[in-house]
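Quick notes on the structure that follows.
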2 protein chains.
Amino acid sequence: MNAHIISIGDEILIGQIVNTNAAWMAEELNQVGVHVDQIVTIADGHEAIKDAVAQAEKEADIILITGGLGPTKDDITKKALAEYFGLEMAYHEPSFNNIQTLFAQFGREPDDRYKIQAEMPVGADIMINKVGTASGMWFQKNGKVTVSMPGVPREMKYLMSKEVLPRLHEHFSTPTILHKTLLTTGKGETDLSGLLSELEDGLPENIKLAYLPNTLKGQVRLRLSARGEDEAVLQKQLDENAIKITKLLGTLVFGEGKQTLSESIGLLLKNKNATLGIAESCTGGNVAHHITLVPGCSDYFKGSVVTYANELKMKILGVKKSTLDEYGAVSEQTVKEMVLGAIQNIGVDYAVATSGIAGPGGGHPDKPVGTIWIAVGDKDKVFTKKLQLGKDRERNIQLTTTIVMNTLRRFLLDDLDVDKITSYLG
Amino acid sequence: MNAHIISIGDEILIGQIVNTNAAWMAEELNQVGVHVDQIVTIADGHEAIKDAVAQAEKEADIILITGGLGPTKDDITKKALAEYFGLEMAYHEPSFNNIQTLFAQFGREPDDRYKIQAEMPVGADIMINKVGTASGMWFQKNGKVTVSMPGVPREMKYLMSKEVLPRLHEHFSTPTILHKTLLTTGKGETDLSGLLSELEDGLPENIKLAYLPNTLKGQVRLRLSARGEDEAVLQKQLDENAIKITKLLGTLVFGEGKQTLSESIGLLLKNKNATLGIAESCTGGNVAHHITLVPGCSDYFKGSVVTYANELKMKILGVKKSTLDEYGAVSEQTVKEMVLGAIQNIGVDYAVATSGIAGPGGGHPDKPVGTIWIAVGDKDKVFTKKLQLGKDRERNIQLTTTIVMNTLRRFLLDDLDVDKITSYLG
């Protein structure tokens with residue numbers, strides 16, 4: 001089963017927006033066993049749309065179109081598709097009723113433009129879009145399926161999840177495919193595949209393991225896919241193999257599905273009924289920002305100080321003047337005192353600290369740009385580590401944030417192994 | 001002059017990465033007057049590549065291809081293109097010399113795989129890629145130009161800027177087009193175009209004004225483009241119109257080109273030789289994160305406290321217990337005391353504060369989710385404002401960050417006008 005995606009949008013062709021819709025759809029289709037072999041972006045024009053569909057029909061079983069629908073456009077897409085499939089347009093009452101329902105939520109009534117938006121090709125299967133005013137359309141011809149959806153990401157995702165994917169599964173009798181994703185950080189794809197090579201060799205025919213690295217986040221997702229008939233059997237296979245992988249990788253695995261590193265840390269702190277404080281210098285608030293993206297974090301997160309100025313390191317965190325004078329702000333001694341000061345002055349069980357030269361300027365021969373000290377601890381022990389990163393300020397901030405959060409997670413798990421952390425930077 | 005972009009990459013077709021290359025190229029091409037009317041992503045396969053080029057040649061003057069080059073691939077792209085254009089492959093010494101130079105920077109020697117990577121189609125114009133091992137290729141046939149570049153964004157951008165765009169300008173004798181971009185925040189596209197309608201009507205034929213909104217950042221870029229022969233004349237036209245726009249929009253304009261809001265704030269603080277402190281609650285460190293993304297910010301940024309817990313608002317910022325008891329943490333009185341406390345305790349000239357219910361939980365009937373107070377001030381006066389945002393935690397954090405930074409900028413400019421700030425949220 002193969003698909004082509006057609007994105008309609010002048011904003012994409014002038015580079016004003018990036019085509020994230022196509023990436024999302026491709027991943028969803030891939031997960032249900034539909035192979036995307038072309039993604040094409042075209043202009044919002046009658047002929048361009050008809051040509052693109054005709055071209056796609058030569059090669060694909062499924063053609064998914066997004067964009068070019070909406071009240072402010074002339075609905076070029078809808079008319080082009082109606083003409084292409086030889087269908088008449090007519091007022092479609094369920095579509096207008098849906099628009100009325102959406103407007104009623106804001107105590108308003110749709111005006112006449114929306115009557116035109118509710119005109120649909122007669123003979124197409126109309127998919128009501130409960131989160132927007134443009135309905136989706138499903139066309140069938142010569143065993144091929146062509147679907148048109150609005151380009152607003154939230155509306156496209158709604159129609160894909162609720163209508164298009166279930167219909168494709170039914171229409172093409174595609175096999176059932178279930179997935180389970182494990183999230184890892186701390187090692188790259190190559191190292192992970194080395195650790196898992198034996199397991200991979202022993203996987204049953206119907207189970208596949210995919211490595212999905214995200215270098216910006218310093219994470220690799222491991223996606224197990226099981227293909228077959230009986231959902232319960234597949235789920236059991238996935239669960240068993242996920243357990244095996246977790247045993248092999250240990251604390252390299254930090255979560256499942258769409259969990260974030262901050263959420264994993266939040267769960268660990270909640271389980272310990274413990275609190276967290278943060279003392280940042282070079283990361284400038286980014287660690288606190290990530291921790292506070294998690295709803296309900298006020299249960300365990302008390303506060304953070306960003307002590308860019310040395311006076312504040314002394315005043316708010318109680319770092320000793322003699323430490324700063326003797327070792328400098330970017331030193332093991334300073335981050336250790338920052339952690340202990342945060343525990344005491346913020347009044348928390350655990351704290352993390354960062355201090356470094358994020359760059360691009362400010363380096364010295366003995367402390368070049370990218371020299372960063374991190375520390376994690378409780379009142380009894382503090383783990384410190386020196387990182388030697390690059391010259392890109394933004395990347396240094398992001399990478400230090402990920403590393404310090406992962407170090408905190410492993411500290412909470414009582415699993416700090418310096419070698420493994422070092423290899424992260426490999 | 002029109003172009004097609006062909007992106008080669010299985011990672012894009014399975015949705016693992018988003019095609020940001022195509023968006024960047026489309027914007028660059030658009031700026032030099034080349035119209036992109038199709039972007040297509042295909043698999044890394046011999047036939048797929050030849051078919052895509054043949055298809056593109058029917059409709060486009062320029063075909064730009066990225067991806068499918070590199071030492072770990074079989075160089076399918078290179079061979080497919082050589083075959084398509086009827087060219088032989090041969091070892092290309094300048095390409096191998098470039099690879100050697102790149103390796104020498106790390107004290108290493110390239111192995112034999114790189115001799116294969118240095119094989120190039122004879123008759124194509126080879127463009128040396130000084131930032132990577134895969135050379136670019138320029139093919140000409142029947143007045144059309146086909147270019148192949150590596151898919152690594154940094155390498156593609158290098159070749160586009162240094163080789164492809166200048167060559168296209170020369171080859172097609174395209175007119176000179178200069179640009180100047182003004183950055184605005186505080187009003188949407190519709191309001192801005194209302195303020196600029198008279199100016200737009202009076203623009204000379206060769207000057208165009210484009211509105212480029214970024215809703216995530218709450219900003220609209222205004223891009224002036226001048227097309228003609230004489231660079232000096234065009235530059236003068238751009239400068240004059242940029243001044244006119246800035247006069248009409250006043251402080252809605254915060255910068256030019258690629259400047260960020262944080263950089264504008266940094267410049268203002270440097271000019272005043274003043275310092276900044278931050279006291280965040282609901283934004284959780286994100287304001288400090290943005291301020292500290294600017295290199296050299298330690299000249300004016302002293303520090304920040306994220307006081308999630310009320311005890312810390314009292315302890316570190318000196319917010320009065322009676323204030324918290326009487327008005328609550330999310331109140332005008334609290335953010336005002338946070339600003340004054342930050343000025344005193346961080347020891348700075350200016351401070352900003354945020355406190356609100358970021359969501360999705362934690363709302364009350366009188367303070368629903370999305371209720372956020374911000375404050376900006378110096379020791380003499382504090383400006384406060386209540387925002388009523390939505391239910392999306394991440395968006396609330398980002399939007400509050402933008403608004404509080406823009407409010408700070410306008411406070412520093414002595415230009416706070418409550419109506420204008422209110423309309424931002426319109």
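Quick note: the coordinates plus some simple rules give every number you see, no bench work behind them. All values derive from a computational prediction rather than experimental measurement. Because the Cβ atoms are built from the backbone with ideal geometry, glycine has one as well, and the counts that use them run over all protein chains shown.
Each residue of the stretch B:150-158 is assigned a 3J(HN,Hα), and the resulting list reads x, x, 5, x, 4, 6, 4, 5, 4 Hz, derived from the Karplus form 6.51 cos²θ - 1.76 cosθ + 1.60 (θ = phi - 60°), x at Gly and Pro. For A:Val36, the residues 5 or more places off, or on other chains, whose built amide H falls under 5 Å of its own are A:Ala3.
Antiparallel DSSP bridges in the protein assembly as shown: what percent, to the nearest 5? Show your work: numbers first, answer last.
Numbers: 100 of 156 bridges.
DSSP beta bridges in the protein assembly as shown are roughly 65 percent antiparallel.
Would you mind classifying the stretch A:259-311 by shape? Square roots of the alpha carbon gyration tensor eigenvalues, ordered a ≥ b ≥ c; an a/c under 1.5 is rounded, otherwise it is prolate if a/b is larger than b/c and oblate if not. Because a/c hits 1.5 or more and a/b exceeds b/c, the stretch A:259-311 counts as prolate. Label-to-label distances for B:Glu326 across copies, nearest first, come out at 4.9 nm, using points 7 Å from Cα in the beta-carbon direction.
Calculated mean residue ellipticity, 222 nm, chain B: -11500 deg cm²/dmol, from DSSP H runs (n ≥ 4) at -39500 (n - 2.57) each, averaged per residue and rounded to 500.
Only four residue types carry charge here, +1 at the Cβ of Lys and Arg and -1 at the Cβ of Asp and Glu. Report the dipole size of the stretch B:176-256 about the Cα centre in Debye, rounded to the nearest 20.
Working: 10 positive and 12 negative charges, 74 e Å.
With only Lys, Arg, Asp and Glu charged at Cβ, the dipole is about 360 debye.
Here the protein assembly as shown is treated as an ellipsoid with the same Cα gyration tensor; its semi-axes, largest first and in whole Å, are 44, 34, 32.
Over all residues in B:34-44, what is the mean tally of Cβ atoms on other chains that come within 10 Å of each residue's Cβ? All intermediate terms of the calculation are to be shown ahead of the outcome.
Numbers: counts 0, 3, 7, 7, 8, 11, 9, 12, 4, 4, 0.
Counting other chains' Cβ atoms within 10 Å and averaging over B:34-44 gives 6.
Taking every DSSP bridge with both residues inside the stretch B:261-424, close to 55 percent are antiparallel. Against the empirical curve 2.2 N^0.38 Å, the C-alpha radius of gyration of the stretch A:261-424 lands at a ratio of 0.95. Taking every residue in B:315-328 and counting other chain Cβ atoms within 10 Å of its Cβ, the average works out to 1.
Toward the positive end of the charge dipole of chain A, with +1 on the Cβ of Lys and Arg and -1 on the Cβ of Asp and Glu, the farthest Cα among A:Gly107, A:His92, A:Ser197 is that of A:Ser197.
Work out the P(r) tail for the stretch A:50-187: percent of alpha carbon pairs separated by more than 26 Å, whole number. Display every interim value, and only then the final one.
Values: 2708 of 9453 pairs.
When all Cα pairs of the stretch A:50-187 are counted, 29 percent exceed 26 Å.
Averaging the sequence gap over all C-alpha pairs within less than 8 Å and six or more residues apart, then dividing by the number of residues, gives chain B a relative contact order of 10 percent. Residue by residue, the stretch B:83-97 carries 3J(HN,Hα) couplings of 5, 4, 8, x, 10, 7, 9, 8, 4, 10, 4, x, 5, 5, 4 Hz when phi is fed to the Karplus relation 6.51 cos²θ - 1.76 cosθ + 1.60 (θ = phi - 60°); x denotes Gly or Pro. For A:Val122, the residues 5 or more places off, or on other chains, whose built amide H falls under 5 Å of its own are A:Glu88, A:Met89, A:Ala90.
Looking at this model, which pairs from B:Lys270/B:Lys386; A:Lys78/A:Lys130; B:Lys180/B:Lys236; B:Lys217/B:Lys272; B:Lys180/B:Lys302 are more than 22 angstrom apart at the alpha-carbon?
Working: B:Lys270/B:Lys386 29 Å; A:Lys78/A:Lys130 19 Å; B:Lys180/B:Lys236 11 Å; B:Lys217/B:Lys272 26 Å; B:Lys180/B:Lys302 34 Å.
Among B:Lys270/B:Lys386; A:Lys78/A:Lys130; B:Lys180/B:Lys236; B:Lys217/B:Lys272; B:Lys180/B:Lys302, the Cα-Cα distance tops 22 Å for B:Lys270/B:Lys386; B:Lys217/B:Lys272; B:Lys180/B:Lys302.
Within the straight-line cut-off of under 20 Å between alpha carbons, the aspartates and glutamates reachable from A:Lys391 are A:Glu280, A:Asp366, B:Glu155, B:Glu263, B:Asp299, sequence neighbours fewer than 8 places apart in one chain being disregarded.
Using the crude model of +1 on Lys and Arg Cβ and -1 on Asp and Glu Cβ, and no other charge, please compute the dipole size for the stretch A:2-171 relative to its Cα centre, in debye to 20. Display every interim value, and only then the final one.
Numbers: 15 positive and 24 negative charges, 66 e Å.
Computed about the Cα centre, the dipole is about 320 debye.
With K and R counted +1 and D and E -1, the other residues having a Cβ less than 13 Å from that of B:His92 yield a net charge of -3.
Equivalent-ellipsoid semi-axes for the stretch B:176-256 (Cα gyration tensor, √(5λ), whole Å, largest first): 22, 13, 11.
The calculated FRET efficiency for the pair A:His364 and A:Asp392, based on their C-beta separation and a Förster distance of 22 Å, comes to about 0.75. Would you tally the net charge around A:Ser135, using a Cβ to Cβ cut-off of less than 13 Å, leaving A:Ser135 out, and scoring K and R as +1, D and E as -1? So the surrounding residues net to -3.
Helix A:332-342 axis versus longest C-alpha principal axis of chain A: approximately 70°, rounded to the nearest ten. Placing a label point 7 Å from the Cα of A:Lys258 along the Cα-to-Cβ direction, the distances to the matching points in the other copies come to 3.3 nm, shortest first.
Shown here: the stretch A:14-93, whose C-alpha atoms stretch 36, 30, 27 Å along the first, second and third principal axes, sorted largest to smallest.
Among B:Ile42, B:Ile62, B:Ile17, the largest mean-square fluctuation in a Gaussian network model of chain B, built with springs joining Cα atoms closer than 10 Å, belongs to B:Ile17.
Among B:Tyr300, B:Tyr211, B:Tyr91, the largest mean-square fluctuation in a Gaussian network model of chain B (Cα springs under 10 Å) belongs to B:Tyr91. When the alpha-carbon atoms of the stretch B:240-328 are used, the pair Rg, Dmax equals 17.4, 55 angstrom. Per residue of peptide A:291-299, the mean number of Cβ atoms on other chains within 10 Å of the residue Cβ is 5. In the assembly of identical copies, A:Pro153 has its label point, taken 7 Å from Cα in the direction of the beta carbon, separated from the corresponding points by 1.5 nm (ascending, one decimal). Against the main long axis of the alpha-carbon atoms of chain B, helix B:393-412 sits at an angle near 70°.
At the listed q of 0.08, 0.09, 0.11, 0.14 Å⁻¹, the Debye profile of chain A, built from one uniform point per Cα, gives log10 I(q)/I(0) equal to -0.63, -0.75, -0.95, -1.14.
Would you mind checking the tilt of helix A:231-249 against the longest principal axis of the Cα atoms of chain A, expressed as 0 to 90 degrees and rounded to 10? In chain A, helix A:231-249 runs at an angle near 20 degrees to the longest axis. The magnitude of the dipole of chain A, with charges of +1 and -1 set on the Cβ of Lys/Arg and Asp/Glu and taken from the Cα centre, is near 1480 debye.
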